[in-house]
Amino acid sequence: MAVLMPAPTTIARTAAGMVASGELFFHLAASLKREAAAFMVAATAIPLGIAMGWWRLVYNQVNPIMEILRPIPPLAWIPLSILWFGIGDAQNEFIIFLGMFFPILINTIVGVKNIDPNLVRAARSLGAPEHKLLSRIVLKGSLPQIITGVRIGLGVGWMALVAAELVGANSGLGFLINDARSMLRTDSIVVGMLTIGLVGLLIDTAIRVLGRRLLPWSLALSR
Amino acid sequence: MGHLAIKNLSKVYGDAGTTGNVVALRDVSFEVPNHQFCAILGHSGCGKTTLLNIAAGFEPPTTGSIAVDDVPVRVPGWQNTMIFQDYALFPWMDVSQNVGFGLEMKGLPSHKRQDITRHYVDLVGLAGFEDKFPHQLSGGMRQRVAIARALAVQPHLLLMDEPFAALDAQNRSFMQDELVRIWEREPKTVVLVTHSIDEAIKLSDCIAVMTRRPGRVKQFINVDLPRPRDEDNKSYLQLKRHLRALIHEEVEVQRR
């Protein structure tokens with residue numbers, strides 16, 4: 001029994017050992033690096049979402065493709081992505097990217113569409129040309145919803161990350177817990193799982209706090 | 001600058017002649033001379049907001065035209081700017097940034113923008129609130145910001161869509177007085193849409209009373225009472241009775 005569910009004291013001891021040896025931070029850093037790299041690419045969902053939310057033509061052209069791709073779980077891409085990218089960072093990041101992209105895209109579109117139409121009319125009535133309207137009103141007005149999308153996206157990406165690392169990586173928290181399994185080190189598995197949970201929570205909290213700091217005017221974020 | 005001429009203006013939503021189309025305005029014509037304050041008075045659904053939207057360039061007319069100083073209105077712009085009932089302040093900008101927004105769009109250099117912004121913030125009585133955001137202000141203060149923001153761009157025509165409808169009675173009366181005070185200091189051609197008879201008399205040089213849909217001008221009345229307008233004055237009450245009768249007729253027609 002002790003093997004299947006280790007005692008909390010054992011877990012604590014193992015955790016201390018993994019922190020001291022630097023093993024935990026090594027894998028955590030690998031995972032965070034992939035999450036960050038994937039986010040850099042997934043952030044393209046913001047300009048695309050603004051274009052789709054603002055111009056009906058773009059929406060009509062792009063949305064059917066997105067609607068077909070969106071329901072495919074990121075994990076279903078793992079086999080194909082291994083053939084495309086091989087095993088390693090690029091493949092992992094691609095899976096994470098897929099998990100992040102759609103929540104950010106959809107929230108950005110919703111954010112643009114939900115902007116009070118009177119704000120847009122007021123800006124036009126004060127002489128704002130189209131490009132200023134986009135940068136000063138549409139982007140700013142949809143930021144609270146975009147931040148919500150980023151929050152969800154980073155969360156989904158984090159989950160996809162661990163799954164991707166289970167299969168196709170030789171570092172990272174997902175690799176750590178899978179590697180520990182093969183040696184029946186359930187204590188290491190639990191430490192890895194707790195780290196994944198804690199760091200996920202930290203990322204989410206950081207984005208929330210950042211959103212409130214940057215957009216003090218947003219009632220949606222201050223709640 | 002700011003002679004408004006509305007000529008044979010009609011607006012039909014949906015295809016003319018087919019069932020299901022709505023004639024919002026039919027053959028509306030009137031003129032507002034430069035620097036006069038004109039109220040459009042009518043019940044909800046009489047097309048008065050449609051008229052304002054066309055004057056602001058938000059919607060094209062079906063037939064006829066609206067012109068300011070003989071230049072037809074086609075697109076929205078600072079020349080014919082609008083003040084909204086819900087203020088439409090940009091929530092992510094403080095008072096100064098809101099007031100300065102139109103000036104920035106006009107491409108004015110920063111120091112000029114600051115001077116003009118300060119002048120209009122002072123004019124509407126918001127000195128000291130420059131750094132506040134809209135959600136930190138009361139309804140009346142928000143409408144002051146909206147007025148300052150619209151005046152700052154020096155429009156030829158200022159359009160107001162029931163600007164005080166969201167305020168409580170005391171605040172509304174106070175803001176009406178304030179609007180007259182501001183307008184007397186910086187005269188503009190103003191078109192204000194309202195369903196309040198008192199608001200129309202208190203503020204305007206002329207009143208266009210609209211019929212129910214399809215909206216037409218039922219009567220165009222010039223108001224030459226001295227300002228500030230005394231609500232107990234005999235001519236004021238006479239005009240009020242007259243307007244009430246006109247509006248009442250429209251309600252009666254609708255009921256039948």
Which of the residues spanning region A:86-126 are acidic (Asp, Glu) and over 12 Å from the mean Cα position of the chain (by Cα)?
-> A:ASP89, A:ASP116
Scan region A:146-199 for residues that are small (Gly, Ala, Ser) and over 24 Å from A:ILE87 (Cα atoms) and report the count.
-> 2
Within region A:193-215, restricting to residues that are more than 19 Å from the chain's Cα centre (by Cα) and of a type outside the set (Lys, Arg), the one that is surrounded by the fewest Cβ atoms within 10 Å (Cβ to Cβ) is A:LEU214
Residues of region A:5-52 that turn out to be over 30 Å from A:VAL138 (Cα atoms) and not basic (Lys, Arg), as a count = 27
With respect to B:GLY64, is the statement that it is more than 8 Å from chain A (Cβ to nearest Cβ) and part of a strand (DSSP E or B) true?
-> yes
Verdict on B:GLY125 being more than 8 Å from chain A (Cβ to nearest Cβ), of a type outside the set (D, E, K, R), within 28 Å of B:LYS218 (Cα to Cα) and part of a loop (DSSP other than H, G, I, E, B) | no
Hits in region B:1-59 - residues which are among the acidic types (Asp, Glu) and free of Cβ contacts under 8 Å to residues at least 60 places away in the same chain = B:ASP15, B:GLU31, B:GLU59
Would you be able to tell me the number of residues in region B:88-122 that are within 10 Å of chain A (Cβ to nearest Cβ), free of Cβ contacts under 8 Å to residues at least 40 places away in the same chain and among the charged types (D, E, K, R)?
-> 2
Quick one: count up the residues across region B:107-133 that are buried (at least 16 other Cβ atoms within 10 Å of the Cβ) and under 20 Å from A:SER135 (Cβ atoms).
-> 3
Options A:PHE94, A:PHE101, A:PHE175: the member that is touching a Ser or Thr at 6+ places or on another chain (Cβ under 6 Å), in contact (Cβ under 8 Å) with a residue 12 or more places away in the chain and of a type outside the set (Asp, Glu) = A:PHE94
All but one of (1) touching a residue at least 60 places away in the same chain (Cβ under 8 Å); (2) not in a helix (DSSP H, G or I) hold for A:ILE72; which doesn't?
-> (1)
Residues in region A:3-56 that are surrounded by 13 or more Cβ atoms within 10 Å (Cβ to Cβ), basic (Lys, Arg) and more than 22 Å from A:GLY157 (Cβ to Cβ): how many?
-> 1
Test result for B:ALA150, buried (at least 24 other Cβ atoms within 10 Å of the Cβ), more than 14 Å from chain A (Cβ to nearest Cβ) and outside any strand (DSSP E or B) = no
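Yes/no per residue for (1) at pLDDT below 95; (2) closer than 22 Å to A:ILE147 by Cβ; (3) touching a helix residue (DSSP H, G or I) at 6+ places or on another chain (Cβ under 6 Å):
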{"site": "A:ALA12", "(1), (2), (3)": "yes, no, no"}
{"site": "A:GLU23", "(1), (2), (3)": "yes, no, no"}
{"site": "A:ALA29", "(1), (2), (3)": "no, no, no"}
{"site": "A:ALA43", "(1), (2), (3)": "no, yes, no"}
{"site": "A:ILE46", "(1), (2), (3)": "no, yes, yes"}
{"site": "A:ILE50", "(1), (2), (3)": "no, yes, yes"}
{"site": "A:GLY53", "(1), (2), (3)": "no, yes, yes"}
{"site": "A:VAL58", "(1), (2), (3)": "no, no, yes"}
{"site": "A:PRO64", "(1), (2), (3)": "no, no, no"}
Take region B:3-32 and flag every residue that is within 19 Å of B:MET210 (Cα to Cα) and not hydrophobic (A, V, I, L, M, F, W, C).
-> B:LYS7, B:ASN8, B:SER10, B:LYS11, B:TYR13, B:ARG26, B:ASP27, B:SER29, B:GLU31
How about region A:130-223: which helices (runs of 4 or more DSSP H) wholly inside it have at least 3 residues that are modelled with pLDDT under 90 and over 29 Å from A:LEU28 (Cα atoms)?
-> A:219-222
Of the conditions (1) touching a residue at least 12 places away in the same chain (Cβ under 8 Å); (2) facing chain A (nearest Cβ under 9 Å); (3) more than 15 Å from the chain's Cα centre (by Cα), B:LEU159 fails just one. Which one is it?
-> (3)
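The values are calculated or read from the model by the stated rules, or taken from the named source; none is laboratory data. Every value quoted in this text rests on a predicted model; they were computed, and no experiment measured them. Counting neighbours? That spans all protein chains shown, and the Cβs are built from the backbone with ideal geometry, glycine included.
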